[in-house]
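What follows is calculated from the coordinates using simple rules that are stated; it is not laboratory data. Only a predicted model underlies this, so the values are computations on that prediction, with no experimental measurement involved. All Cβ positions, even for glycine, are placed from backbone atoms using ideal geometry, and neighbour counts span all protein chains on display.
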Amino acid sequence: MSDRLRNNVIAGLIVFAFWCVSFSAMAADPIVTQATSNSTVTSNSTSNTTSKVKTNPPSAISPSLGANTKCTFGVSGAVQTQILGISTGQTMRDINCENLSISAHLFDMGLKIAAIQVMCLNDRRVFDAMKFAGTPCAIFDPETGEGLIGKAATAEWKKAKNKKYIPKKQDITTMSKNDFLEKLVGGIIAVVLLAILAI
């Protein structure tokens, strides 16, 4: 048997086997699947929804106060209760800072006596320091219209009419009447606000 004939026989057997398998599969009974499902759903639902938003009131925030000049500073405060919030603020002048600034500018312009005089007439400590150093603060002589310094100024300061120009001593240990009233009012307001918080 030649190789060609043998290959043809093998190919024919493969085709015959494939045809037999396919035919038997087509002749078989089909697969039938039946499914029966019964379901009963009974649902009773009662729903009550109550929505009430409960939030805290917005916070009272102290204002941010920036100093417009170098000799001012900001003071602010805020109090928040469950009902009411209060916020306030203001700027305050620093007089001592202003005097130092004016004096420094006068000194920079070469007006040394005027620079010292600004400090002399606004601060008793400077006035006394200049007096004890033997270089008293300058004073205006109303008769001649000139400013006096040195011994002439010392003699002029001794006159009774010029005593009113000497700065008053500040007692650091005691509180002035205005400071006492300011602190008293501030304390009363703080107590009232704390009472509101406790309610």
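Miscellaneous remarks
- Backbone N within region 104-120 under 18 Å of label point (7 Å from K151 Cα along the Cβ vector): none
- Listed residue pairs exceeding 32 Å between alpha carbons, taken from K112/K161; K112/K159; K70/K168; K70/K177; K70/K112; K70/K158: K70/K158
- Using Cβ point charges alone (K and R +1, D and E -1), the dipole size of region 98-139 about the Cα centre works out to roughly 160 debye.
- Percent RCO, i.e. relative contact order, over region 95-165, from Cα pairs under 8 Å lying at least 6 residues apart: 18
- Using the Cβ-Cβ distance between D128 and A195 with R0 set to 45 Å, the FRET efficiency works out to roughly 0.40.
- Between the residues A153, L100, I116, the greatest Cα displacement towards the positive end of the dipole of region 95-165, with unit charges on the Cβ of Lys, Arg, Asp and Glu, is found for A153.
- For the pair I166 and N96 in one chain, pulling the backbone fully straight at 0.36 nm per residue adds 23.5 nm over the alpha carbon distance.
- Two-decimal log10 I(q)/I(0) for region 95-165, as the Debye equation yields it once each C-alpha is a single scatterer, q = 0.26 Å⁻¹: -1.24
- Ranked list, fewest to most other Cβ atoms within 10 Å of each Cβ, for E98, E156, E182: E182, E98, E156
- Magnitude of the charge dipole, region 95-165, Cβ model with Lys/Arg +1 and Asp/Glu -1, debye to 20: 380
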